[in-house]
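Let me begin by presenting the structure, written as structure tokens, before commenting on it.
The values are calculated or read from the model by the stated rules, or taken from the named source; none is laboratory data. Here the structure is a predicted model, which is why all the values come from computation and not from measurement. Backbone-built Cβ (ideal geometry, glycine too); neighbour counts: all protein chains shown. SASA here: full protein model, heavy atoms, side chains in, ligands and nucleic acids out. Shrake-Rupley method; radii C 1.70, N 1.55, O 1.52, S 1.80 Å.
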Amino acid sequence: MQNVTEKDKPINTLRKLIKEEDIIMLVTKSKQGQLRSRPMEVSHVTDEGKFVFFTHSNADLSTEITENNAVNISFCREEQDDYVSVSGVAQINQNQSEIEALWQDRFTRWIPDGLDEPTLAMIVVTPLHAEHWGMKDHRTSLGKLLDLGSEEAVYETMSK
């Protein structure tokens, strides 16, 4: 049996709240400073609680993440009265073997050419802070999820 440390509990809770195949809204900041939200399907959630999505490397979304990797994920499961907000940092990953390992045919809904798409890329979001609201417990802060140093250092490091 695997021991769950105190550090792992918020990540495990987050993984239970947001799962593969869920549709979330991913918020980025445009070059002009506007916040932009887009629906994204969660393709994979890593053991460390990172979220993976598929996109095009030449999309505005990818450019925005490259220029400012601070993002927010929001999620609503209305029938269960669960609402989640995750702040984190994102990276664009174009590693073909990693893309192939995570690709599933259901993603052709978003990327019709699938693995044949030359601009196919993944967005990997590392969560830094999360909050959960639900009817039973109103608001639960999952708090700081990862201690990667100061926010400025995290964003600077992750954007390289």
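Summary of values
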item	result
Computed label-point distance, nm, for sites residue 63 and residue 98 using a 7 Å Cα→Cβ extension	2.4 nm
Protection proxy ranking of 29-35, 98-104 - average other beta-carbon atoms within 10 Å, highest first	98-104, 29-35
Dipole magnitude (debye, nearest 20) for the range 1-87, charges at Cβ of Lys, Arg, Asp, Glu	280 debye
Surface share of carbon and sulfur [accessible, 1.4 angstrom probe, percent] for the range 12-136	46 percent
Binned Cα-Cα distances of the range 1-114, short to long, each 5 Å bin given as a whole percent	2, 10, 19, 23, 20, 15, 8, 3, 1, 0, 0
Karplus 3J(HN,Hα) series, Hz, for the range 18-23 with 6.51 cos²θ - 1.76 cosθ + 1.60 (x for Gly, Pro)	10, 10, 4, 6, 5, 9
Relative packing of peptides 11-17, 91-97 - highest average C-beta neighbours within 10 Å first	11-17, 91-97
